[in-house]
Amino acid sequence: MREHGEVSDRADSGGPWWRDAVVYQVYPRSFQDSDGDGEGDLRGIAARLEHVRQLGADAIWLSPVYPSPMADGGYDVADYEQVDPRFGTLADADALIAAAHERGLRLLMDVVPCHTSIEHPWFAEHPERYVWSPRDDGPPNNWIASFGGPAWSRDPRTGRWYLHSFYPEQPDLDWRRQDVRDAVAGALRFWLARGVDGFRLDAVDHLLKDSQLRDDPPASAPPVLPEHADAERLEQIHSRNAPDIGGALAALREAAGDTLLAGEVYLPWRQLAPYLAHVDCAFAFELLHAPWEAAAIRAAIAAALQDDSSGEQVAWVLSNHDFPRLPDRVGARNARAAAMLSLTLPGAVFVYQGDELGMADGPGGDPPHDRAGRDRHRHPMRWDDDLPHGDFTVSEAQPWLPAIAVAGGGVAQQRTDPDSILHLYRDLIALRRTLGAGLTFLGEDEGVADGVLAYRRGDEHLVALNLGDEPRPAPSAGRVLRRTHAARTPAGLAAPVQLLPGEGFLAMI
Ligand code: GLC
C-alpha cells in the first residue's frame, strides 16, 4: 500500500503512474459545499480528500472549475486561467493541489479546447479564432449540434454565423490556427506551473472538422455510440474527426510534456488511432454503452484490448456526469458486478463520485439547469444520512440540486457496514494492485455458463460475473479474494457453486 503523503512513481509496475490507475471524478458543484451557498467548491473538495484517499484512488479529475456562465455546467469556459468565484480562488486551487499531493493523490484538470463560452472575451476581441460560415446569409452546411438542432447560430452583434458543436453558447475555436493552439497550450502550461499532474481533454473528436465545410451525408445505420436523435440522422464524417487532427493534438501534447493526457474522444475504439498517437489514454465508450449482457460486454472490452491486452491506452469508464448513473443504466441488481468489472480490467479506470455508494439518478432540477437533461446524474454527494442535506452543505442552505438519499446509505453509514458497496469498491481497488498483466476471456469449453462473463488476469487471477437474469453455475476457482455480495470474512470468501444474477467473484485460479 502507498504511504500517506507520498506521490509514488509506481516503480513496482515500472510504468507511468497512470498505468492501471484509479481516477476518481469529482463534479465540483456537487461534491462538498464549504461556504453555504448550496454549490460545491474547491475548499469543500480539499476537506473531503480523505474519503478519496481511503478509497484507494490514485488521482482526482476535476470537472471544470473555470469562470463560466454555466450554460453547460462549466464546459462553457470564459477564462481558462482563472477559477469561478462560485468554486473559490486560484489560491484555493493551489491549496487543493498541495493537499491532494500531501495525500499521495494526483490532480487532473479538465481542459475544454474545442469551444469557449460565448462570453469568453476572445469571442468579441478575437473573432478570427472561431469557425465562421463563409456566407453571411446562413449556415454553410447541414451540420447538427451534439445536443440537437443546427450547429450554426447567428451572432447578433456581427450578423455572421458561427459554428457550435454543442450548445449555441459554446462557439467552436478554429484549431487550424496557430494562435488558438498557442493560447490553449498556454492554459495547460499555466496549470502545470501550479502543479497539476495532467488533463482530461474534453470532446476532442470535435476539435477539427472538414476544412471545406462539406455536408454530412445521411446516416445509413445507427452510430456505434448513441447520439442525440437529430445527430443520428447524419453520418458525421465531416462535422468532426477530421483526418488532420494530429497537428492540433501535438500542440496539446507539447504543452503537457510527459504529464497525463486522457482524451474524451466520443468515437468507436477502432477509430481512435490518430488520437492515441498523441494522448496517453482515451475513454472506451463502447463499454459504457454496451447492453448489460455477457456477449456484448465481452465484445466491447475486446474492441479496446484487441491490439494490446495490457490496456495501456485504455481509460475504462462506466459512468460520468453525462450519462445515467449505474443503477439506472445496468439495474440496481448489477451495480456491484459493474464495480467488479471495471476495477478488474487492465488499464486506467475512472470512477464517478457517488458510484462507490451505488448512487442512482435523482429527479434533477426544477427548473432544470441542463437543457440536455443531465441534472439527474449530478445530485450532491451523500456524506452522512444523519445530517441535513446529507452533509453536502449547511442546514440553512439550499443545495443547487436536491440532496437525495442513496439506497445503501451515505459515506458515514456505509463506512461502518462491511457489506456495503463502499467496502466493495475499497477492497477491489486494493486487490487491483495485485492483479496480473493482460486479460484473457474464458469460454464455454472452460466450463463458463451462458450469461457468465469470465476472464483471467495474468496467470493467477480469475474474475467471474453473472450478467444474466438466471442463477448460473459458478466456474471453478481457487481461493476467493472478494465476492460482490459478501464481506471479506472467512464465510464471505467461500467459493460459490452458483452465481445469482448480478453476483460475481475475484479469485485465484
Ligand atoms: C463533454 C462533457 C460534457 C459537455 C461536452 C461539451 O462531453 O463531458 O459534459 O457537455 O463535452 O463540452
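Within region 109-121, being surrounded by fewer than 24 Cβ atoms within 10 Å (Cβ to Cβ) and within 16 Å of the ligand (Cβ to nearest atom) holds for ASP110, ILE118, GLU119.
Only one entry in GLU503, GLU444 is outside the structural domain of PHE350 (by TED's automatic domain parsing) and either out of contact with any strand residue (DSSP E or B) (no Cβ under 6 Å at 6 or more places or on another chain) or under 18 Å from ASP20 (Cα atoms) (or both), namely GLU444.
Of all residues in region 353-375, those satisfying the criterion of being over 29 Å from LEU341 (Cα atoms), more than 15 Å from the ligand (Cβ to nearest atom) and not charged (D, E, K, R) are GLY365, PRO367.
Every residue, every condition in (1) within 24 Å of TRP17 (Cβ to Cβ); (2) in the same structural domain as ALA273 (by TED's automatic domain parsing); (3) of a type in the set (Phe, Trp, Tyr), yes or no:
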| residue | (1), (2), (3) |
| --- | --- |
| SER146 | no, no, no |
| ARG154 | no, no, no |
| TYR162 | no, no, yes |
| PRO171 | no, no, no |
| ALA183 | no, yes, no |
| GLY186 | no, yes, no |
| HIS206 | no, no, no |
| LYS209 | no, no, no |
| GLN212 | no, no, no |
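Residues in region 58-85 that are β-branched (Val, Ile, Thr) and within 19 Å of the chain's Cα centre (by Cα) were compared, and the one that is nearest to the ligand (Cβ to nearest atom) is VAL77.
Among the numbered conditions (1) surrounded by fewer than 16 Cβ atoms within 10 Å (Cβ to Cβ); (2) of a type in the set (A, V, I, L, M, F, W, C); (3) touching an Asp or Glu at 6+ places or on another chain (Cβ under 7 Å), the only one that LEU422 does not meet is (1). Just one of the listed residues (ALA91, ALA95) is more than 14 Å from the ligand (Cβ to nearest atom) and touching a Leu at 6+ places or on another chain (Cβ under 8 Å), and it is ALA95. Annotation note: Cβ proximity below 8 Å between a residue of region 319-336 that is farther than 20 Å from VAL22 by Cα and a residue that is hydroxyl-bearing (Ser, Thr, Tyr) and at pLDDT 95 or above (sequence gap 6+ or interchain) occurs for ARG329/SER319. Scan region 237-256 and give yes if some residue there is within 16 Å of the ligand (Cβ to nearest atom) and touching a strand residue (DSSP E or B) at 6+ places or on another chain (Cβ under 6 Å), otherwise no. So far as region 237-256 goes, no, none of its residues is within 16 Å of the ligand (Cβ to nearest atom) and touching a strand residue (DSSP E or B) at 6+ places or on another chain (Cβ under 6 Å).
Go through region 376-391 residue by residue and tally those that are within 16 Å of the ligand (Cβ to nearest atom) and in a loop (DSSP other than H, G, I, E, B). Spell out how you get there, then give the answer.
Just the residues of region 376-391 that are within 16 Å of the ligand (Cβ to nearest atom), to begin with: 376-379.
If we keep only those that are in a loop (DSSP other than H, G, I, E, B) too, we end up with 378-379.
Matching residues across region 376-391 total 2.
The residue that is surrounded by the most Cβ atoms within 10 Å (Cβ to Cβ), among those in region 154-198 that are farther than 19 Å from GLN236 by Cα and of a type in the set (Gly, Ala, Ser), is GLY198.
The values are calculated or read from the model by the stated rules, or taken from the named source; none is laboratory data. Please read these numbers as outputs of a predicted model, since none were measured by experiment. Neighbour counts run over all protein chains shown; Cβ positions are idealised from the backbone, glycine included.
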